[in-house]
Amino acid sequence: MTTQVLRQLTTDAAIDTEASWSPDGSNIYFTSDRAGGPQIYRVGTEAGQRAQRISFEGAYNARPRLSPDGKLIAVVNGENNRYHIGVIEVATGRLQVLTPNGRLDESPSFAPNGAQIIYATKENGRGVLASVSTDGRIHTRISSVAGEVQEPVWGPFPRP
């Protein structure tokens, strides 16, 4: 039964932030520094569930976003003050960095078909929109004449 009663799901002295629902609504993925640095965790939405760490590769993994099929988590992966877009396989925990040449890649968002991720990056000191295929093979920059890109997301598409 659905109610409008709020229930706290995590209890830890660490910061838990950047929550993202699983496609089936049974889990919430979030960033927490409870292991000493930003990592991805999952907690079930049923009462009494404990948070489980999902990311283990790399010292910095943040901003989890689930693919539409729930098999991949797009993350911002940091190393040596450089931030890249990566995907973590939910079943194995394996991390694949998709944008290894990026310096400040952030805010990943899956396409509705799950085949592509858009994200914000910097080019010549300016925020621009970029995309990468989920296998890391196809990289695209989408330039604009004016403005700066921050926090891109795919919009909902009307269903027929």
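The number of residues in region 115-129 that are open to solvent by less than 20 Å² (accessible area, probe 1.4 Å) and either modelled with pLDDT under 95 or in a loop (DSSP other than H, G, I, E, B) (or both) comes to 4. The set of residues in region 130-145 that are open to solvent by less than 80 Å² (accessible area, probe 1.4 Å), part of a loop (DSSP other than H, G, I, E, B) and either in contact with a Phe, Trp or Tyr (Cβ under 9 Å, 6 or more places away or on another chain) or hydrophobic (A, V, I, L, M, F, W, C) (or both) contains only Thr134. Close Cβ contacts (under 8 Å, 6 or more residues apart or on different chains) running from residues in region 78-106 that are over 16 Å from Ser67 (Cβ atoms) and at pLDDT 95 or above to residues that are assigned to a loop (DSSP other than H, G, I, E, B) and of a type in the set (Val, Ile, Thr) comprise His84/Thr99; Asp105/Thr99. If you go through region 5-22 and pick out every residue that is in a loop (DSSP other than H, G, I, E, B) and within 21 Å of the chain's Cα centre (by Cα), you end up with 5. Test Ala19 against the criterion of being farther than 19 Å from Thr92 by Cβ, of a type in the set (A, V, I, L, M, F, W, C) and open to solvent by 20 Å² or more (accessible area, probe 1.4 Å), and give yes or no. So Ala19 fits the description; yes. Selection within region 23-82: residues that are in a loop (DSSP other than H, G, I, E, B) and of a type in the set (A, V, I, L, M, F, W, C). The member of this set that is least open to solvent (accessible area, probe 1.4 Å) is Ile54. Sub-9 Å Cβ pairs linking a first residue in region 57-73 that is on the phi > 0 side of the Ramachandran plot to a second residue that is in a loop (DSSP other than H, G, I, E, B), at least 6 apart or interchain, are Arg63/Pro38; Gly70/Ser22; Gly70/Pro23; Gly70/Asp24; Gly70/Val90, ordered by first then second residue.
The values are calculated or read from the model by the stated rules, or taken from the named source; none is laboratory data. Computed from a predicted model, the values in this text were never measured in an experiment. Don't worry about glycine lacking a Cβ; one is built from the backbone with ideal geometry, like all the others, and counts go over all protein chains shown. Quick note on the areas: whole protein, heavy atoms, side chains included, nothing else; ligands and nucleic acids left out. Shrake-Rupley method; radii C 1.70, N 1.55, O 1.52, S 1.80 Å.
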